[in-house]
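Undergrad: Sharing a structure here in structure tokens format.
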Amino acid sequence: GTGRSVVSTVNAGMITVAPLSSGFRLRTAFGGNFTRTRTSDLLASGTDLVPGAIGLGGAREIRTTEQRGGVTTFGWYVEPTLEHRRFYLSTGLRLDGADTYGSQQSVAGFPKVSLSYLLSDEPFFPLKQLFSLLRLRAAYGQAGVQPGPADRLRLYASDTRWLDGGTVDARRLSTVGNDHLKPERSEEFEGGLDADLFGRALTIEITAYRKTRVDALIPFTLPPSVNAGGTVLVNVGKVRNSGFEIGLGTNLLRSDLVTIGTQMHVSRNRNLVLSLGDVGPINNPNGTRVVEGYPLFGRWARPILHYADADGDGIITHEEVQLGDEEVYLGPIEPNYEAALHTNFSFFRGRITATAGFSYSDGQLQVNEIARQNRVIARGANDPNAPLGEQAAIAVMDRTSYGLAQEISTFRFNSLAVAVSAPPAFARRWFGTRTASFTLQGTNLGLSSNYRGKDPAVNAYSTGNAVVDTGQLPLPRTLAVGIRLDY
């Protein structure tokens, strides 16, 4: 087989700056870009080769497959910006388009505007001794996502079938496609502030945002009766993401003897399906659903309503567990809150440095799928003294993941690094070198969680719509020691 891929790009840009009165200036950027990708593949195979054949010419039957593809995207933009030492106002408009295999080329416009105001530089600002810097900012913008070039199309592939003692050429449906597919469009508002306090001993960044996706592109799982399953892209009416991000930095101590600093980041995010448009609730075989009024790809399952040891043998069987008829919402597959903390220590003018990293997450629903796979050795299936609730979850896990799902919180000690630089006199005396340094590094050093499985962050599938712990081994704990000598 042979393959060829050609990518052609053209980018052009221009910036003009015009001074205005009162210290203002107008900065305007113009530009455009064009990208075209063309691929072609030619594959050939032969069967029933004659003895001594060195190529396809010696084959009784030769089959060839040719594939061609191409995508073109293009766009133009203009961004006028009004600049001042304390004030910044940027506007812009972008026009984007793309071709999609025979469909008409479409162009969409995406405006944006952002505002920044350095309030602390104003003469009337009353808290100058407290704030070294206080900047207020706000922004609004729109963006779009094009579907793939073939996502709209119903495609067929070549195949062979056995008929009357021989093979015949055939065609099979390979992609169902969606004739009504449209580009996804999103708009986002955000606002916040940046502040330095107490001579930059404390820095704060606060941002709140709300992003709305219209005609969101979501994969829809087809029933097995349609092309043996698979997925097809559909447009979901409206999805909203909202939350906030807070960053805190500290320089607690700065001296030749000791320097201590920290960086912390906290975020809260929540997505919600506001409407489904013409699409009904989307049910995926992995237990996630897209339902109006709930988070995107939330996890659902039939609830365990009641269980009791009716025969008094101390063991719960599936006949002794009552399940609800309708699935109920269990929780989101993404954490509601996430936080990260990094600390930095330096001693004796940097001769000794230490950094450590920690992280925390809360509100994510995880499914312990490995418990289902290891049912035969689970405590709830073998130990009569196991709690009845644990026995009930094991007894009906072939019908519901309700007992395997758990809302988790996790605290991790991610990393630690310590470096020591020896004084030059020590390096010359003991090693005969100009310098000597020693390092100790460790990763994945600790985990504290309410999770009943091995590690709640171990998933066999990518984050998005199939987040389950399927028994993958967690990342190993690593320790590394290093010595560096410079002669």
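Undergrad: Output the Kirkwood hydrodynamic radius of the stretch 391-487, Cα pairs only, in Å rounded to one decimal.
TA: Details: mean 1/r = 0.0573 Å⁻¹.
In the stretch 391-487 this quantity evaluates to 17.5 Å.
Undergrad: For the stretch 8-75, what is the Kirkwood estimate of the hydrodynamic radius, computed as the reciprocal of the mean inverse distance between distinct Cα atoms, to one decimal in Å? Let's see the in-between values first.
TA: Numbers: mean 1/r = 0.0573 Å⁻¹.
17.5 Å is the Kirkwood radius here.
Undergrad: Further question on the same structure: Could you tell me the extents of the stretch 218-303's C-alpha atoms along the three principal axes, largest first, rounded to whole Å?
TA: The principal-axis extents, from largest down, are 73, 30, 25 Å.
Undergrad: What is the stretch 187-345 by shape, rounded, prolate or oblate, if you read a ≥ b ≥ c off the alpha carbon gyration tensor as root eigenvalues and call it rounded for a/c under 1.5, prolate for a/b larger than b/c, and oblate otherwise? Walk me through the numbers on the way to the answer.
TA: Numbers: a/c = 3.45, a/b = 1.66, b/c = 2.07.
Oblate, because a/c is 1.5 or more while a/b does not exceed b/c.
Undergrad: Before anything else, pin down the relative contact order of the chain: Cα pairs under 8 Å, at least 6 apart, normalised by residue count, whole percent. Provide the component values of the computation, followed by the final result.
TA: Details: 1198 pairs, mean separation 34.3, N = 487.
7 percent.
Undergrad: State the volume of the convex hull built on the alpha-carbon positions of the stretch 104-233, expressed per residue in Å³ and rounded to an integer. The partial results should precede the final answer.
TA: Details: hull volume 22.7 nm³, N = 130.
Hull volume over Cα atoms, normalised by residue count, gives 175 Å³.
Undergrad: Take every Cα-Cα pair in the chain and report what % of them are more than 42 Å apart.
TA: On the way: 54630 of 118341 pairs.
For the chain, the fraction of Cα-Cα distances above 42 Å is 46 percent.
Undergrad: For the stretch 323-438, build the convex hull from the C-alpha positions and give me its volume per residue in Å³. Provide the component values of the computation, followed by the final result.
TA: Values: hull volume 21.3 nm³, N = 116.
Taking only Cα atoms, the stretch 323-438 has a hull volume of 184 Å³ per residue.
Undergrad: I've got another one for you. Distance between Cα centroids, the stretch 400-460 to the stretch 7-44: provide it in whole Å.
TA: 43 Å
Undergrad: At q = 0.15 Å⁻¹, what is the log10 ratio I(q)/I(0) for the stretch 262-341, with the Debye formula run over Cα points and no solvent?
TA: -0.72
Undergrad: Quick one: 3J(HN,Hα) in Hz for the stretch 310-318, Karplus 6.51/-1.76/1.60 with θ = phi - 60°, rounded, Gly and Pro as x.
TA: 3J(HN,Hα) across the stretch 310-318, in whole Hz: 5, 8, x, 8, x, 10, 8, 9, 5.
Undergrad: Within a Cβ distance under 15 Å of Gly92, other residues only, what is the Lys/Arg minus Asp/Glu net charge?
TA: On the way: positive: Arg27, Arg94, Lys112; negative: Glu79, Glu83, Asp96, Glu187, Glu188.
That sum, taken over residues with Cβ under 15 Å, equals -2.
Undergrad: What does the net charge come to around Val266 if you take all other residues with beta carbon closer than 13 Å to its beta carbon, with K and R at +1 and D and E at -1? Write down the numbers at each step before the final one.
TA: Details: positive: Arg268; negative: Glu205, Glu245, Glu338, Asp362.
Neighbourhood net charge equals -3.
Undergrad: In whole Å and largest first, what semi-axes does the C-alpha gyration tensor of the stretch 1-150 yield when each eigenvalue is scaled by 5 and square-rooted? Let's see the in-between values first.
TA: Details: eigenvalues 681, 59, 38 Å².
Taking √(5λ) for each eigenvalue gives 58, 17, 14 Å, largest first.
Undergrad: All other residues with a Cβ under 15 Å from the Cβ of Val328 taken together, and with Lys, Arg as +1 and Asp, Glu as -1, what is their net charge? If you can, show how the numbers build up before the last one.
TA: Values: positive: Arg289, Arg299, Arg302, Arg399; negative: Asp325, Glu326, Glu327, Glu407.
Net charge in that neighbourhood comes out at 0.
Undergrad: Take every Cα-Cα distance within the stretch 174-217, group them into 10 Å bins from 0 onward, and report for each bin the whole-number percent of pairs it holds.
TA: Answer for the stretch 174-217: a P(r) of 20, 25, 20, 16, 11, 7, 1 percent.
Undergrad: Student exercise: in the chain, how many lysine pairs 8 or more apart or on different chains have Cα atoms under 29 Å apart?
TA: Working: Lys112/Lys182; Lys112/Lys211; Lys112/Lys238; Lys182/Lys211; Lys182/Lys238; Lys211/Lys238.
Lysine pair count for the chain: 6.
Computed from the coordinates by the stated procedures, all read-outs in this text should not be read as laboratory data. The shown structure was predicted, so the numbers you read here are calculated from the model rather than taken from an experiment. Cβ sites come from the backbone with ideal geometry, for glycine too, and all protein chains shown count toward neighbours.
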